[in-house]
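Read through the structure below, which is laid out as structure tokens, and then see the notes.
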Amino acid sequence: MLLGLALLLALVGAIGWLAYTTIKEAPAVVAAVITGVLAILGLGVQRFLEQQREDERIRRERMAPIYEELVGQLHQIAEGSVGPADVESFIKELARSLQLWGAPPVIEAFNTWRAKAVEHDAKDESGFDMLLAYEDLLLVTRADLGVSNEKLEKGDLLRLFVNDLDEHLQEGSALPGNPLP
């Protein structure tokens, strides 16, 4: 172990001495080498960042139709125009897609919404908590697609299709005016 440490120190010292003498003897060569190394590193970082953006673009393109189908199916479920077998089939297919392509916040919001939906079916309550969980799911899917939720407040998305939402909000089921994350 001591021998390995001594060899490492000797190697670091030799590299340091070589760098010092090279800088002292030929500073123009060192500057050219450093410029070249930095250019290569810059290109590598740029390519890495471009690849990350491209991967995200491909994932978003893959998820956009799935999210659109999710919203469409949930509206059909709310209208009662879809049978239980179709709903079950859709939820299984959606879960499969989310396992492969879903962002963690979307998966978490989907699981929360689904738990609220099951709870609603078991208790046969008003379903307002399920609607709020659905809005949270909509918000994270929008964010996942790169759409800003900055100016939206609690209930804004639900108001697009729930006519009496403000009555529920005033009853204390939720707090109006709370900015969303």
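The values are calculated or read from the model by the stated rules, or taken from the named source; none is laboratory data. All of these numbers come straight from a predicted model, not from anything done at the bench. All Cβ positions, glycine included, derive from the backbone under ideal geometry; neighbour counts span all protein chains shown.
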### Query
Scanning for something surrounded by 15 or more Cβ atoms within 10 Å (Cβ to Cβ) and at pLDDT below 85, does region 95-105 turn up at least one residue?
yes
### Query
Out of all the residues in region 85-94, is one or more more than 23 Å from THR112 (Cβ to Cβ) and either surrounded by 10 or more Cβ atoms within 10 Å (Cβ to Cβ) or modelled with pLDDT under 85 (or both)?
yes
### Task
Can you work out which of the residues in region 136-168 that are among the β-branched types (Val, Ile, Thr) and in a loop (DSSP other than H, G, I, E, B) is modelled with the lowest pLDDT?
VAL162
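To keep it simple, each residue is scored yes or no on (1) touching a helix residue (DSSP H, G or I) at 6+ places or on another chain (Cβ under 8 Å); (2) farther than 30 Å from LEU145 by Cβ; (3) of a type in the set (Val, Ile, Thr); (4) touching a residue at least 12 places away in the same chain (Cβ under 8 Å).
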{"position": "VAL12", "(1), (2), (3), (4)": "no, yes, yes, no"}
{"position": "ILE15", "(1), (2), (3), (4)": "no, yes, yes, no"}
{"position": "THR22", "(1), (2), (3), (4)": "yes, yes, yes, no"}
{"position": "PRO27", "(1), (2), (3), (4)": "no, yes, no, no"}
{"position": "ALA31", "(1), (2), (3), (4)": "no, yes, no, no"}
{"position": "LEU38", "(1), (2), (3), (4)": "no, yes, no, no"}
{"position": "GLY44", "(1), (2), (3), (4)": "no, no, no, no"}
{"position": "ARG47", "(1), (2), (3), (4)": "no, no, no, no"}
### Query
Any chance region 111-127 includes a residue that's assigned to a helix (DSSP H, G or I), in contact with a helix residue (DSSP H, G or I) (Cβ under 8 Å, 6 or more places away or on another chain), within 24 Å of GLU167 (Cα to Cα) and basic (Lys, Arg)?
yes
